[in-house]
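Report on the structure given below.
The values are calculated or read from the model by the stated rules, or taken from the named source; none is laboratory data. The model shown is predicted, which means the values in this text are computed figures rather than measured ones. Cβ placement follows ideal geometry from the backbone for every residue including glycine, while neighbour counts extend to all protein chains displayed. Only protein heavy atoms, including side chains, enter the accessible area calculation; ligands, DNA and RNA are left aside. Shrake-Rupley method; radii C 1.70, N 1.55, O 1.52, S 1.80 Å.
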Amino acid sequence: MTTHVRIVGTGLIGTSLGIALSQNGFRVSLDDPSPTAVRLARDLRAGEVADEQPGAPDVVVVAAPPDVAAGVVVDALNRWPDAVVTDVASVKESVLRVVLDSGADASRYVGSHPMAGRERSGAAAARADLFDGRAWVVVPHEASTDAAVRRVREVALSVGSAVRVMPAHEHDEAVAAVSHVPQLAASIVAACLRELPESAVGLAGQGLRDVTRIAASDPRLWTQILAGNAPAVRDVLRHVRDQVDDVVGALDSLADADGEGALGTLSRVLEAGNLGHARIPGKHGAAPAAYEVVSVVVPDEPGSLARLLTDVGAAGINLEDLHLEHGLGQAVGVAEISVVPSSVEPLRAELARLGWRVHD
Ligand SMILES: NC(=O)c1ccc[n+]([C@@H]2O[C@H](COP(=O)([O-])OP(=O)(O)OC[C@H]3O[C@@H](n4cnc5c(N)ncnc54)[C@H](O)[C@@H]3O)[C@@H](O)[C@H]2O)c1
Ligand SMILES: O=C(O)C(=O)C[C@]1(C(=O)O)C=C[C@@H](O)C=C1
C-alpha cells in the first residue's frame, strides 16, 4: 500500500522532502500556516495541499522552525493516533524533552535530522536531490518502538540518505562541532568584511567564498538552532577560542620579537587543520575522497561552460565538483574541475586536444 506522508512546514526542507518522496512513489500531503508556502510547494510538485487529501497519514514529518517543532510534533501525535511522527529540527534533545513531558504517545515519535540543507530558506530554494548521499540521523529514545524507527528510516533511505542512528545528546554534541560552530565561524569571518574598503573586498577569491557560503543563512533559524544547543556549542567554541588565542600569541611574538617557537605554533595549527579536513567523509559516508583539481580557462561567452562540461562527460570522466572563478574584470573565468587523481592526466590531455587552455 502507498505510504501517505504528511509534511508540516513546507519551507526549504519540507518542500525538498516532498518533491523527493513524491518522485519515489509516496503519497504526500502538505501543511503550513502560510497558505502561500503550501501552494508554492504544491506547484513545485512536492505533493497535494493537505485539505484536499483524504485519510490519515501513516507518517508525519514536522519541518517547522526548531522553536515550534516540539509543539507541532505533540499536536500531530494527538491528532493522528496511528501515525508515526518525526521532526527534522537541527537540535534533538530539546525537542525530545518537550515531547516526553507532554503526555502524548511518545512511542510513535522518533526524531531525525537530515544533514543536508542550503544557506537559503523557503520552498523556492527546494531541491529534489537535497538529501541524496547525505547522512540522515535517526534518533530513537527510551519510549520509541522499533516499528516507528523503521518507518522513519524508510523515509530517509527512500530519498537516498545514509541513515545514522544515535541518541539525542550524542547527536547534539556531534552537530555542535560539525554544523553549529562552522556556521558561527563562517558568520564571524564574513562579519569582519563589513568594514573593509571596496578595493579590498573586491579581491575576494575562492578561499573566502568557500569559508563564508553559509554566512548567508537565515539568522532567525540559526538563532533558534544555537539557542537550542547552547551548552554543546559553547564547549566547542571554547576549544576554538583556545586555538585562536595560541595563534594570536604566536603572531604577537613574531611582531614584537624574534618569535621563538611561534612558527612551530602556526605550523602545528595548520597541519592539525589538514588532519581534521582529511577526516570529512565523502558522499554516502564513503572514505574521505581525495579529489584533484584540473583548472581550465573558460571564455565568458554563452554556452562555453556547457561545452566544457559536455567535453568532460564525453571523455568518460566523472566530475566530482565544479567551481567557477571569475577573474577581476576579465572576459574569462577559470573552471576548477574536481576529479579522482587517476583521471587528472587523461582529462588534461583530452581537454588540451580539444583546444581548451588547461592550467599547469
Ligand atoms: N536549512 C537547513 O539547512 C536545514 C537542514 C536540516 C534541517 N533543518 C531543520 O528543518 C526545519 C525547517 O528548516 P527550513 O530551512 O526548511 O526552514 P524554512 O524557513 O525554509 O521553512 C520553515 C517553514 O515552517 C513553517 N512554519 C512556521 N511555523 C510553523 C508552525 N507552527 N507549524 C508548521 N509550520 C510552520 C514556515 O511557514 C515555513 O514554511 C528546521 O527545524 C531546521 O532546523 C534545516
Ligand atoms: O549546506 C548547508 O548550507 C547547510 O547549512 C546544511 C547543514 C550543515 O551541514 O551544517 C546546516 C544545518 C542543518 O541542520 C543541517 C545541515
Which residues, taken from the range 34-51, are open to solvent by 40 Å² or more (accessible area, probe 1.4 Å), in contact with a helix residue (DSSP H, G or I) (Cβ under 7 Å, 6 or more places away or on another chain) and without any contact (Cβ under 8 Å) to a residue 60 or more places away in the chain?
Arg45, Glu48
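Against the definition (open to solvent by 40 Å² or more (accessible area, probe 1.4 Å) and more than 9 Å from ligand 1 (Cβ to nearest atom)), how does Arg6 come out, yes or no?
no
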With the structure loaded, tell me whether Arg194 is at pLDDT 95 or above, exposed (fewer than 14 other Cβ atoms within 10 Å of the Cβ), more than 16 Å from ligand 1 (Cβ to nearest atom) and in a loop (DSSP other than H, G, I, E, B) or whether it fails that test.
yes
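Residue by residue, here is whether (1) of a type outside the set (Asp, Glu); (2) touching a residue at least 40 places away in the same chain (Cβ under 8 Å); (3) open to solvent by 10 Å² or more (accessible area, probe 1.4 Å); (4) part of a helix (DSSP H, G or I) holds:
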| site | (1), (2), (3), (4) |
| --- | --- |
| Leu21 | yes, yes, no, yes |
| Ser29 | yes, no, no, no |
| Val74 | yes, no, yes, yes |
| Ser94 | yes, yes, yes, yes |
| Arg97 | yes, no, yes, yes |
Does the range 165-174 include one or more residues that are assigned to a helix (DSSP H, G or I), surrounded by 22 or more Cβ atoms within 10 Å (Cβ to Cβ) and either within 16 Å of ligand 2 (Cβ to nearest atom) or of a type outside the set (Val, Ile, Thr) (or both)?
yes
Going through the range 213-245 one residue at a time, which ones are touching a residue at least 24 places away in the same chain (Cβ under 8 Å), among the polar types (S, T, N, Q) and within 16 Å of ligand 1 (Cβ to nearest atom)?
Ser217, Gln224, Asn229
Starting from residues that are more than 16 Å from Leu221 (Cα to Cα) and surrounded by fewer than 21 Cβ atoms within 10 Å (Cβ to Cβ), keep the ones in the range 105-127 and report whichever is farthest from ligand 1 (Cβ to nearest atom).
Ser107
Hits in the range 197-247 - residues which are surrounded by 14 or more Cβ atoms within 10 Å (Cβ to Cβ), part of a helix (DSSP H, G or I) and of a type in the set (Ser, Thr, Tyr)
Thr212
Restricting attention to the range 45-67, report how many residues are within 16 Å of ligand 2 (Cβ to nearest atom) and either outside any loop (DSSP other than H, G, I, E, B) or of a type in the set (D, E, K, R) (or both).
4
